[in-house]
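Each remark here refers to the structure printed beneath this line.
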């Protein structure tokens, strides 16, 4: 069943982002200690019993397995089990899927920023005696979704949901920060992929 009410979860090793998105309206956003996430989701579900819970899942990738990653995996397992016990509708999305969707949907936001990022990384690598991002033809590598970072995701979500940028030193009107931005991105991605 597809719903217009989605609770996005960006799990972390100790703190997770939560965001309630309903009909393109952000109703709640928080960075919540993992010990309180299940209760917070149950609280959000009371107002939206038909909500789909979208968890940004961890998929295999080629970096060292750090203790934080292991703790996050354990937390995702525990949270999934507890949500299944109450019959919640759970879906999982990969961060790479969200990044690719942002790259494909918002090229006007992504391309320039990624090109600048590649040039900056290339210069740093060359300066430090490493192989840069030049192709065989001598040009810099083309922009791809692999270079989409959290800042680019946030810029795209701001455009998608018309979220104004606050004045310096002020927080945004929804209380979005760090993990809750990624939770919102997961929810928005899932919603757009499953629209009728």
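Derivation of every value follows stated rules applied to the coordinates shown; laboratory data play no part. Note that the coordinates shown come from a computational prediction; the quantities given were computed from them, not determined experimentally. So basically every Cβ, Gly included, is an ideal-geometry build from the backbone, and we count neighbours across all protein chains shown.
The figures follow:
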item	result
The chain, relative contact order in percent, only Cα pairs under 8 angstrom and at least six apart counted	32 percent
Order of 73, 46 - criterion: other Cβ atoms within 10 Å of each residue's Cβ, fewest first	46, 73
Whole-percent pair-distance distribution, where bins are 10 Å wide, for the alpha carbons of the stretch 124-196	15, 35, 21, 23, 6, 0
In degrees, nearest ten, helix 107-127 long axis to first principal axis of the chain (Cα)	50 degrees
Between helix 179-193 and the chain: long-axis angle, C-alpha atoms, 0 to 90°, nearest 10	80 degrees
Of every Cα-Cα pair in the chain, the percent that sits beyond 27 Å	35 percent
Normalised per residue, the volume of the convex hull around the Cα set of the stretch 1-88 (Å³)	103 Å³
Value at 222 nm in deg cm²/dmol, rounded to 500, when DSSP H runs of n ≥ 4 in the chain each add -39,500 (n - 2.57)	-15000 deg cm²/dmol
Rounded tilt (10° steps) of 95-105 against the dominant C-alpha axis of the chain	70 degrees
Modelled FRET efficiency - R0 41 Å, residue 64 with residue 194, Cβ distances, 0.05 increments	0.75
